Amino acid sequence: MIDRNYEPKVTMIIPTYNESTVITEKLQSLKGIDYPHEKLEVIVVDSSSTDNTASKAKRYLKDNGFPFEIKIIEEKERKGKAKALNFALEDAKSQIIATSDADSYWEPSALRKAISYLADPQVGAVTGKEEFLNPNQNVLTLAEGMYRQVYNTLRVGESKIHSTLFFQGELSVYKREAFEKFNDEKGSDDSGTVKNIIACGYRTIFVPEAAFSDMAPYTWKGRIVVKERRALHLIHALVGAAKLKKQKRFPQPGFIVYANSFIHLINPFLSVALLIGAICLMCMFPLLLLFTLPSFLLKKSRVLIVSYLTSNLALILAVLGYIRGEEQIVWKKTDEMRHMQTFG
C-alpha cells in the first residue's frame, strides 16, 4: 500500500565527525526538502569533531533562517556512528526517524516518496537509491556504478518478495514503533538495525525513486577501504540473520538469506579459484591470450573486470576481518568522499 498523502511527523538525524568541508552545503540542501515544515525536525549530532564542524554549523544556522527546527547536539567523545544515532534518538520527537550523512544530498522529493511506503502497516523501514556526483571520473567510479546497477536490481527483487537487508544510512527511514534503538554492537547501524526490524515481523524495502547523491571513491585505496568496511558490517548482519532463520525467528524467505550468505561469504573465495584457474589455463595455452587480450581494449570490459575483482577482494578482506573478530564501530573517514563541491 502506497499513500502519497501520508505525512507523519519526521525527525531526521545527521551524524557528523570532522565534516567542516561539507556541513554548510548539507544544511543548505535541507531547505529544498519537499515536506510540510511543521512536521519536520532535524537533529545534527556531532561526535567531538576536531575541525569545528559543530561551531561552523551553528554559525550557519544563526546567519541563515530555516523554515523548520534544526537542533545541534554534541557528544563528549566519539563512540561511532550508531552510538551517535542513539544519542540523538533520545531527543527525537517524531513517529518516523530518518537518517542521512553530512556528505550526501537528498533529492527534494526523496523523503516524501520514501515515507509513502511506510503508510503500509507491514513496512517498518525503507531505504533509497544511491546516485553518484562523479560517475564518470575514472574506471573506479564507473565500476562502482556498474556494481550498483546489479546491486539495486537484486534489492528491488528482494523487496517485492518480502524484504531486503541491504540498507544505506545515507537515506533510510524507519517507523519508531519498529525498533528500540539503532544496532550499535557491530558497527552496522543500517543493515544491523534492519535485521532486528525484520525479526520483529516488519518488512524492509528498497525504494529506487527515493534518490540521494554522494561521491564514489575514486582511488584504489579509497575504494577497497570503503567497500571492505561496508562488507564487514553487512556480513555481521547476514550472519545474525542466518542464525535467527535457523531458530525460525526471521520471516524473510530462507532462499534470500542463504543466497546472500553464499554470495558474500563463499563466492568471493570461489572467484579466487576461478582466477587462478584462468591464469593456469593461459600459461598452458598461450594462444588463448590472442582471444582474451582484445577484450581489455574495450572500456566496458575493463570496468566489469575492475568491478568484479575489487568487490570480491573487499569481501574476502571483510570475511577474514570477521573471522578475526573485527567490528569497525569507529572507523577512519575517507576524505575523498567529502569533496562534493568539486562536482556539484
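The values are calculated or read from the model by the stated rules, or taken from the named source; none is laboratory data. The structure displayed is predicted, hence computed values, not measured ones. Methodologically, a virtual Cβ is constructed for each residue, glycine included, from the backbone with ideal geometry; neighbour enumeration extends over all protein chains shown.
Which residue out of Leu274, Leu234 is more than 30 Å from Gln28 (Cβ to Cβ) and under 18 Å from the mean Cα position of the chain (by Cα)? Of the residues listed, the single one that is more than 30 Å from Gln28 (Cβ to Cβ) and under 18 Å from the mean Cα position of the chain (by Cα) is Leu234.
Being surrounded by 11 or more Cβ atoms within 10 Å (Cβ to Cβ), touching a Gly at 6+ places or on another chain (Cβ under 9 Å), over 26 Å from Val22 (Cβ atoms) and modelled with pLDDT of 80 or more narrows it down to one residue among Ser307, Ser311; which is it? Going through Ser307, Ser311 in turn, just one is surrounded by 11 or more Cβ atoms within 10 Å (Cβ to Cβ), touching a Gly at 6+ places or on another chain (Cβ under 9 Å), over 26 Å from Val22 (Cβ atoms) and modelled with pLDDT of 80 or more: Ser307.
Scanning the range 134-144 for residues that are within 12 Å of Met215 (Cα to Cα) and surrounded by fewer than 18 Cβ atoms within 10 Å (Cβ to Cβ) yields Pro135, Asn136, Gln137.
Looking at (1) within 20 Å of the chain's Cα centre (by Cα); (2) under 28 Å from Lys186 (Cα atoms); (3) in a loop (DSSP other than H, G, I, E, B), can you tell me which one Pro108 breaks? It is condition (2) that Pro108 fails. The residues listed here are Asp184, Asp190; of these, the one that is acidic (Asp, Glu) and surrounded by 22 or more Cβ atoms within 10 Å (Cβ to Cβ) is Asp190. Residue by residue through the range 73-94, note down the ones that are outside any helix (DSSP H, G or I) and either touching a Ser or Thr at 6+ places or on another chain (Cβ under 9 Å) or small (Gly, Ala, Ser) (or both). Correct list: Glu74, Glu75, Lys76, Glu77, Arg78, Lys79, Gly80, Asp91, Ala92, Lys93, Ser94.
If you go through the range 169-194 and keep only what is within 25 Å of Phe132 (Cα to Cα), part of a loop (DSSP other than H, G, I, E, B) and out of contact with any Asp or Glu (no Cβ under 6 Å at 6 or more places or on another chain), you end up with Ser188, Asp189, Asp190.
Are any residues in the range 8-28 within 12 Å of Tyr105 (Cβ to Cβ) and among the polar types (S, T, N, Q), and if so, which ones? Listed by number, the list holds a single entry, Gln28. For the condition surrounded by 12 or more Cβ atoms within 10 Å (Cβ to Cβ) and within 27 Å of Thr334 (Cα to Cα), what is the one hit in Val207, Val257? Every option except Val207 fails the conditions.
If you scan the range 18-35, which residues turn out to be part of a loop (DSSP other than H, G, I, E, B) and either of a type in the set (A, V, I, L, M, F, W, C) or surrounded by 21 or more Cβ atoms within 10 Å (Cβ to Cβ) (or both)?
Selection gives Glu19, Val22, Ile33.
Take Lys227 and decide whether it is surrounded by fewer than 17 Cβ atoms within 10 Å (Cβ to Cβ) and either at pLDDT 95 or above or of a type in the set (A, V, I, L, M, F, W, C) (or both). For Lys227, the condition - surrounded by fewer than 17 Cβ atoms within 10 Å (Cβ to Cβ) and either at pLDDT 95 or above or of a type in the set (A, V, I, L, M, F, W, C) (or both) - is not met.
Screening Asp51, Asp46 for residues that are acidic (Asp, Glu) and either out of contact with any helix residue (DSSP H, G or I) (no Cβ under 9 Å at 6 or more places or on another chain) or touching a residue at least 60 places away in the same chain (Cβ under 8 Å) (or both) leaves exactly one candidate, Asp51. Condition check for Glu327 on (1) touching a residue at least 40 places away in the same chain (Cβ under 8 Å); (2) part of a helix (DSSP H, G or I): one failure, at (2).
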